[in-house]
1. From the list ILE68, ILE121, ILE100, pick out the single residue that is within 18 Å of the chain's Cα centre (by Cα), under 24 Å from CYS15 (Cα atoms), in a loop (DSSP other than H, G, I, E, B) and not acidic (Asp, Glu).
2. Yes or no: the stretch 17-31 includes at least one residue that is more than 19 Å from LEU123 (Cβ to Cβ) and crowded, with 18+ Cβ neighbours inside 10 Å.
3. Which residue, of LEU58, LEU63, is surrounded by 15 or more Cβ atoms within 10 Å (Cβ to Cβ), touching an Asp or Glu at 6+ places or on another chain (Cβ under 8 Å) and within 20 Å of VAL138 (Cβ to Cβ)?
4. Scan SER111, SER101 and give me the residue that is in contact with a helix residue (DSSP H, G or I) (Cβ under 8 Å, 6 or more places away or on another chain), over 25 Å from ILE4 (Cβ atoms), surrounded by 18 or more Cβ atoms within 10 Å (Cβ to Cβ) and touching a residue at least 12 places away in the same chain (Cβ under 8 Å).
5. Of VAL109, VAL88, which residue is assigned to a helix (DSSP H, G or I), among the aliphatic types (A, V, I, L, M) and either in contact with a Leu (Cβ under 8 Å, 6 or more places away or on another chain) or modelled with pLDDT of 95 or more (or both)?
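The values are calculated or read from the model by the stated rules, or taken from the named source; none is laboratory data. Here the structure is a predicted model, which means the values were calculated and not measured. Here the Cβ positions follow ideal geometry from the backbone for every residue, glycine too, while neighbour counts run over all protein chains shown.
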Amino acid sequence: MKIIRGISRFFTWLCMGFIAALMLLMVAEVLDRTIFNRSILGATEWAQVLLLCNMTALSSSILSNRQIKVDMLTSKLSPKAQVIIDTVMLTLTFVTIAFISWQQFNYAVKSLKNHVFYTTIGLPQWPFIAMFCFAYAVGALTTLSLVVRKVAAMASGQWELEAKLEDKDELFVLGKKKYAELKAAEKEKTSAGYENGKGGEK
């Protein structure tokens with residue numbers, strides 16, 4: 001899980017760079033058309049490449065619980081039912097993402113063998129397809145790690161905590177320092193509650 005978090009953080013910064021580059025490209029394209037009445041050579045293909053590279057943030061969005069969910073019904077269910085449904089859905093998601101990653105791997109190999117290049121910018125397509133494939137592979141492993149966590153939570157009976165977390169990984173979202181502070185505060189609160197309980201018994 002530590003490796004997945006590290007790769008996801010790297011991909012987050014990478015995706016931010018790609019989005020910034022895409023925004024600058026669009027602004028430059030509009031200004032070029034408005035002022036000089038011409039288009040930037042290869043702008044469309046560069047936009048396609050940058051949009052493809054933006055998929056690197058998939059694993060980060062999964063760990064941050066930023067995937068779109070329609071929980072109007074499931075939010076009214078018991079924590080146990082919510083965790084079970086989440087586990088089933090995450091398992092199906094894992095299979096889907098892994099399949100897409102495998103297909104993109106085959107497509108990248110095919111593109112490499114056939115020497116497929118972008119027409120205008122002249123770059124080979126396979127490195128960008130391979131990046132898409134790798135990003136989805138990390139996304140699949142991320143989803144699988146969440147499935148394992150939920151199964152472990154079910155085995156230990158931590159239904160309410162897992163239902164509250166949903167798909168979120170607190171260590172990834174908060175960072176090491178804030179996560180440690182949160183756990184320390186929770187531990188202190190639990191200890192205080194235990195001491196008050198003992199005092200009440202006396």
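1. ILE68
2. No, that holds for no residue.
3. Exactly one residue qualifies, and that residue is LEU63.
4. SER111
5. After ruling out the rest, the residue left standing is VAL109.
Here's the yes/no breakdown for (1) at pLDDT 80 or above; (2) farther than 23 Å from THR91 by Cβ; (3) within 26 Å of the chain's Cα centre (by Cα); (4) not polar (S, T, N, Q):
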| residue | (1), (2), (3), (4) |
| --- | --- |
| ILE129 | yes, yes, yes, yes |
| ALA140 | yes, no, yes, yes |
| GLY157 | yes, no, no, yes |
| GLU181 | no, yes, yes, yes |
